[in-house]
2 protein chains.
Amino acid sequence: MPVGTVGTVKALYPEQVRQAGADIILGNTYHLMLRPGAERLARLGGLHSFMRWDGPILTDSGGFQVMSLSGLRKLTEDGVAFQSHFDGSKHMLTPERSIEIQCLIGADIQMQLDECIELPSERAEIERAMQLSVRWAERSKRAFEQYGKPGQALFAIVQGGTDLALRQASAEALVALDFPGYAVGGLAVGEGHEAMVATIAGTVPHLPSHKPRYLMGVGTPLDLIEAVARGIDMFDCVMPTRNGRHGTAFTWGGRLNLRNAQFAEDLSPIDERSTCPAALKYSRAYAHHLIRSEELLGSMILTWINTTFYQELMAAMRAAIADGRFDSWRAETKAQLGYLAT
Amino acid sequence: MPVGTVGTVKALYPEQVRQAGADIILGNTYHLMLRPGAERLARLGGLHSFMRWDGPILTDSGGFQVMSLSGLRKLTEDGVAFQSHFDGSKHMLTPERSIEIQCLIGADIQMQLDECIELPSERAEIERAMQLSVRWAERSKRAFEQYGKPGQALFAIVQGGTDLALRQASAEALVALDFPGYAVGGLAVGEGHEAMVATIAGTVPHLPSHKPRYLMGVGTPLDLIEAVARGIDMFDCVMPTRNGRHGTAFTWGGRLNLRNAQFAEDLSPIDERSTCPAALKYSRAYAHHLIRSEELLGSMILTWINTTFYQELMAAMRAAIADGRFDSWRAETKAQLGYLAT
């Protein structure tokens, strides 16, 4: 899922997001509840109509960004009180309010409020946050039964850090509550690729294989390939958009930092193996010039190319799985993208 | 002409510039000579190929921006020595070097180096700069005979501040040199709309009516209408793009500052009378949200709408002139755009 933080996938027209192959995008509850505001967004007809996106939208609970972005905040059993990073205004996010907001936004897939802690942390602290997240899952489910509409779904979030016993306990408790989909949260927060992959491998077997499994906030192309190899179905990440704005292109020949002087007179297309029109049309020299000049078109072009690459990567994995050749595809693609075989 | 300062009309894809109705765009010699550099741009195949613009390009001489943007600079009969505002590197711009650079860029219409001074200034100072500009016009013409290619053209620039006798002297001296087109320079530098219009009215009659007359760096919709009424054929201005990036929409109902709170819940399209797809597709409330959130899509949408509006405005004037109804069109349109009749 391309990330459309505040009601726009940054630097892309919605038609480009769709053309890149995206079926579903992500919106950030924390940002949207502060601006334009959940009740206002509902009065404006909901996020789909507001941003002219006619596909599904998944929203996070807002919890992760309350923890990482807001100023003063106080976590209790009830929820988390915080101050807006825009204007210092005070807000309270509870499991119930998060669901209410996500319903006001009109999100098709909603996420429970959870507590995502930094890694490494003490085991007791990780367990406490995991247990709290399970209790908040229950409360979220009851709230969703009140506010949710037909066709909408609420996913639960497995926590537990890199401790596989805690991950299993979290997964089993949430599966017992019977959600239509499960996320693996609390990863890509500093634990490293190997620990992340090991945690996924230890978590996924405890989640039902007939329901979507969503790895939140991940990741590099290598992360995606290795996570899919371990049973993950869905991802969201700002990497294609954020890196694009800052001059990095994800291509089928590997990652290019177009800011580098080596591209100043490179007239080859940015990625001749891409289906993105911009990857074929513009030279690396032009992209280098635009990025060095801090021109918006540089961000626009590279975000478009990267979003297309990520969608192509996922589509290629779906095709390889359907054809029963995922293992060979994985080895070839990792080599092609410049990753050492693991 | 939409302004493509450093090889991109800011926040627009070239296809959008074309779709907006633009036949020709402007590039800034000062910016391009510093980055990517004129010789490098020539090695890269010239500006058209570099930025994927298949229509004509006009470049300015670089003089205006040397005066307004660069650090230390020293003007002599020979030209102007200056330091780059990027890196402090030293450069010398003479009439000959300006033409050489514009030919390296591959500009279809090139402009002579001139000295544009601030207004108000002493008459003697205005006259000195005007006479210098005439001598530089001669040198530019000789340089263009050396560097220019078939199909390219060099325009001269009339100077003289708001002094009509100096404007007439400048125009007559330049017309005697026989250029294929003439610009009116040195306006929109603080003299105000009335003085600008009076200067145009006093200058245009001294320029041949069968050759293009180009008012440089102008202006508001009202400026364009009044200048066309006095015989101007061509314009360039950053207003549609710069204002778009900062939240102002030029519409057929007048100017809208979409940052204003009054638009926060305005679900009407940004401009229902525009032919720009974005003007019809997105609401004012969404544009307000994007601009308040400093989202790139806000700049993209409003730049697109404004560039389309300016092209539509010029197309409407051409049609009204061709139909012999320019006077009535002018009165109606000024009222529609919210300008008092003058």
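The values are calculated or read from the model by the stated rules, or taken from the named source; none is laboratory data. All of these numbers come straight from a predicted model, not from anything done at the bench. When we count neighbours, we look across all protein chains shown, and the Cβ atoms used for this are built from the backbone with ideal geometry, even at glycine. For the accessible areas, the whole protein counts, side chains as well, though only heavy atoms, and no ligand, DNA or RNA atoms are used. Shrake-Rupley method; radii C 1.70, N 1.55, O 1.52, S 1.80 Å.
A few points about this structure:
- Residue A:310 being surrounded by 14 or more Cβ atoms within 10 Å (Cβ to Cβ), without any contact (Cβ under 8 Å) to a residue 12 or more places away in the chain, assigned to a helix (DSSP H, G or I) and aromatic (Phe, Trp, Tyr): no
- For the criterion of being within 14 Å of another protein chain (Cβ to nearest Cβ) and part of a helix (DSSP H, G or I), residue A:12 fails.
- Every residue from the stretch B:41-65 that is closer than 24 Å to residue B:135 by Cβ and in contact with a Leu (Cβ under 6 Å, 6 or more places away or on another chain): B:58, B:61, B:62, B:63
- Yes/no for residue B:304 being within 14 Å of chain A (Cβ to nearest Cβ), aromatic (Phe, Trp, Tyr) and either part of a helix (DSSP H, G or I) or surrounded by 23 or more Cβ atoms within 10 Å (Cβ to Cβ) (or both): yes
- Selection from the stretch B:66-83 of residues that are surrounded by fewer than 17 Cβ atoms within 10 Å (Cβ to Cβ) and not aliphatic (A, V, I, L, M): B:68, B:71, B:73, B:74, B:76, B:77, B:78, B:83
- Each residue in the stretch A:54-65 was checked for being surrounded by fewer than 22 Cβ atoms within 10 Å (Cβ to Cβ) and at pLDDT 95 or above, and 3 of them qualify.
- Within the span defined as the stretch B:119-126, one or more residues are hydrophobic (A, V, I, L, M, F, W, C) and free of Cβ contacts under 8 Å to residues at least 40 places away in the same chain.
- Residues being open to solvent by 40 Å² or more (accessible area, probe 1.4 Å) and within 17 Å of residue A:284 (Cβ to Cβ) - total across the stretch B:21-50: 5
- Pair list, Cβ under 6 Å, 6 or more apart: the stretch B:235-248 residue at pLDDT below 95, other residue of a type in the set (Ser, Thr, Tyr) and part of a strand (DSSP E or B): none
- The condition (being closer than 30 Å to residue A:246 by Cα and touching a residue at least 60 places away in the same chain (Cβ under 8 Å)) is satisfied by just one residue among A:69, A:104, A:34, A:12: A:12.
Residue-wise test of (1) under 24 Å from residue B:223 (Cβ atoms); (2) without any contact (Cβ under 8 Å) to a residue 60 or more places away in the chain; (3) crowded, with 18+ Cβ neighbours inside 10 Å; (4) under 22 Å from the mean Cα position of the chain (by Cα).
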residue: B:115; (1), (2), (3), (4): yes, yes, yes, yes
residue: B:128; (1), (2), (3), (4): no, yes, no, no
residue: B:151; (1), (2), (3), (4): no, yes, no, yes
residue: B:182; (1), (2), (3), (4): yes, yes, yes, yes
residue: B:192; (1), (2), (3), (4): yes, yes, no, yes
residue: B:198; (1), (2), (3), (4): yes, yes, no, yes
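- Selection count where residues are acidic (Asp, Glu) and more than 7 Å from chain A (Cβ to nearest Cβ), scope the stretch B:285-301: 1
- Hey, residue A:42 away from every other protein chain (no Cβ under 14 Å) and at pLDDT 95 or above or not: no
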